[in-house]
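Worksheet: the structure to be examined is printed underneath.
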Amino acid sequence: MASSFLSSKPFLGSSRTDDAFSGLRYLPSHLLRSPVHISIRTSTPKKLQIQAAGSTGGNYFRVTTFGESHGGGVGCVIDGCPPRLPLSESDMQFDLDRRRPGQSRITTPRKETDTCRILSGVSEGVTTGTPITVLVPNTDQRGHDYNEMSLAYRPSHADATYDMKYGVRAVQGGGRSSARETIGRVAAGAVAKKILKSLTGTEVLAYVSQVHKVVLPEDLVDHDTLTLDQIESNIVRCPDPEYAEKMINAIDAVRVRGESIGGVVTCIVRSCPRGLGSPVFDKLEAELAKAVMSLPATKGFEIGSGFAGTFLTGSEHNDEFFTNEHGRIRTRTNRSGGIQGGISNGEIINMRIAFKPTATIGKKQHTVSRDKKEIELIARGRHDPCVVPRAVPMVEAVVALVLVDQLMAQYAQCNLFPVNPDLQDPLFSPRLELEPNNVHV
């Protein structure tokens, strides 16, 4: 930084109280007769930096997604992944296949293989600790289906608000507002799930619990024994066969009419370490809510008893503690949903996420054009009649991303020094090693 030096005549003291240097009259007389050098440092003004891009999430395990629905491809950059984790494309491809379009008659007919490629951050089958870049090319774009949408706004879609924010938008496929953006999150979530399973034995499972007016009774699913095979046993991803058939029929009924319906995805976390989450702004349920509500078409979030808990009294709602046969503190009920005071308590975390009906439908609707004229629109393109079957791996992914980020935060703050064995559990399971033969996904 540049400095300038000003040499003045001797200050003789001033009787003016508003004189900026009036305090100098109290200095010894020999100092007042000497020249006074004043150093004024000038600096270049700092540029105002605004970070409002919105495409990056996480603090320690950071994920940035990129790409648009009808561009060259989509993907993610994972920064902060621990080194020496065995990782290949196949680890991500399983969940990407669960998310991909065209997998059944009740999903969008767009045909994409969603085959992923790892471009960086992995060497000789293990992560290097440097950013991991994952790319999934787009191969079945039909930009001409969106000619009408370049002039008119689809009701309840992001077309209008993207124009309001940016003054320009990618018309084809909805650009970044398309659910195709979630490919990057699902790929990164697969890495997060592998870390959680390897280090702490944590499992993240989601399933469809409601489609329109078909509601799966909670007592039909045992969260202690629920398996991925049960969830994946049908195209709607409901673990109960009877209700799965009812849900499929409900989707089929609106699909042939060019309509859409919404639903609810329930997500559980088993074997979550105790102590994840921080007061006050970083409570675990707050982080989870933000993550799942950032997914396309989400409209509601509940954890534990949720809104139903408002009908109970305190004595009815409280989860009483007890000590089990292994000397561990547990709760007899789980209306808290595995989180108390914003911190995980070791019980099963259970949450429910509401998804609205797909905004783009094949029925005539009233709207306005970009030049503010009222018109009628029949939207074209290929879209899901109900998003919840494909939303299941998306929910699992963002929940896993939150948990691995919180796991790293917990280790950084509370596990650098030996834990208090009377009150705290070891953060990592001692039975698993990060070797290829011992990693179970």
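The values are calculated or read from the model by the stated rules, or taken from the named source; none is laboratory data. Everything quoted here is computed from the prediction, not taken from an experiment. Positions of Cβ are generated from backbone atoms using ideal geometry, with glycine treated the same way; all protein chains shown enter the neighbour counts. Protein only, heavy atoms only, side chains kept; ligands, DNA and RNA dropped before computing areas. Shrake-Rupley method; radii C 1.70, N 1.55, O 1.52, S 1.80 Å.
Observations
- Scanning region 197-206 turns up one or more residues that are part of a helix (DSSP H, G or I) and either within 29 Å of Glu112 (Cβ to Cβ) or among the basic types (Lys, Arg) (or both).
- The listed residue being free of Cβ contacts under 8 Å to residues at least 24 places away in the same chain, more than 21 Å from the chain's Cα centre (by Cα) and open to solvent by less than 30 Å² (accessible area, probe 1.4 Å), out of Asp163, Asp159: Asp159
- Phe307 being open to solvent by 40 Å² or more (accessible area, probe 1.4 Å), over 24 Å from Val419 (Cα atoms) and among the hydrophobic types (A, V, I, L, M, F, W, C): yes
- Enumeration of residues in region 349-388 that are free of Cβ contacts under 8 Å to residues at least 24 places away in the same chain and aromatic (Phe, Trp, Tyr): none
- The residues in region 400-421 that are within 17 Å of Ile183 (Cβ to Cβ) and either of a type in the set (Val, Ile, Thr) or open to solvent by 20 Å² or more (accessible area, probe 1.4 Å) (or both) can be counted, and the count is 1.
- So Thr56, is it open to solvent by 10 Å² or more (accessible area, probe 1.4 Å), under 18 Å from Gly189 (Cα atoms) and at pLDDT below 95: no
- Any hit, region 266-280, residues being modelled with pLDDT of 95 or more, open to solvent by 50 Å² or more (accessible area, probe 1.4 Å) and at negative phi: yes
- Test: residue in region 166-184 that is free of Cβ contacts under 8 Å to residues at least 40 places away in the same chain, in a helix (DSSP H, G or I) and either of a type outside the set (Lys, Arg) or closer than 30 Å to Ser69 by Cβ (or both): yes
Conditions (1) within 27 Å of the chain's Cα centre (by Cα); (2) farther than 23 Å from Gly57 by Cβ; (3) in a helix (DSSP H, G or I), marked per residue:
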site: Lys246; (1), (2), (3): no, yes, yes
site: Ala250; (1), (2), (3): no, yes, yes
site: Val254; (1), (2), (3): no, yes, yes
site: Glu259; (1), (2), (3): no, yes, no
site: Thr266; (1), (2), (3): yes, no, no
site: Cys272; (1), (2), (3): yes, no, no
site: Gly277; (1), (2), (3): yes, no, no
site: Val280; (1), (2), (3): yes, no, no
site: Ala286; (1), (2), (3): yes, no, yes
